[in-house]
Amino acid sequence: MTDTEALERLRTDFVQVADLLAQLATTAIAQGVTQHPIFVATEVPLALGLPAIDRGDHGLTYHFRISLVDELVRKQLLEAEKRAEFLNAYGDARQRAAILLVHGTGAQFVFLPYDSSSLTPA
């Protein structure tokens with residue numbers, strides 16, 4: 001799968017589960033777990049974060065897990081010195097999701113608004 005195809009599939013999945021992910025993020029913030037929840041989207045189960053949405057339960061391409069910035073730094077998926085830059089790019093965690101899309105042999109961060117009306121499935 002190309003990077004473009006992976007992003008299109010992520011966008012399609014996200015439109016279907018944006019409300020659920022927004023609820024999970026809001027809960028994590030309200031309970032003081034983190035101010036910046038990060039979702040991990042992966043085709044295969046991955047030992048990162050906690051399970052959030054199983055792809056089989058919703059007919060999705062990706063599993064979604066929820067993680068923390070500190071965990072990503074600890075596991076060297078985000079450089080510690082780039083933490084502030086990342087959080088600045090993330091913006092308001094109540095308005096948009098930060099997703100670490102893991103596919104093939106690579107990974108990339110994607111930021112998508114929970115209000116998915118501006119996103120159309122590919």
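The values are calculated or read from the model by the stated rules, or taken from the named source; none is laboratory data. On a predicted model such as this, the values are computed, not experimentally measured, just so you know. Don't worry about glycine lacking a Cβ; one is built from the backbone with ideal geometry, like all the others, and counts go over all protein chains shown. What goes into the accessible areas is simple: the full protein's heavy atoms, side chains included, and nothing from ligands, DNA or RNA. Shrake-Rupley method; radii C 1.70, N 1.55, O 1.52, S 1.80 Å.
Observations on the model:
- Calculated SAXS-style log₁₀ I(q)/I(0) at q = 0.21 Å⁻¹ - the chain, Debye, Cα scatterers: -1.31
- With every protein chain in place, the chain: carbon and sulfur % of accessible area (1.4 Å): 49 percent
- Spin-label model, Glu8 to Ala47: label points 7 Å out along the Cα-to-beta-carbon direction sit 3.5 nm apart.
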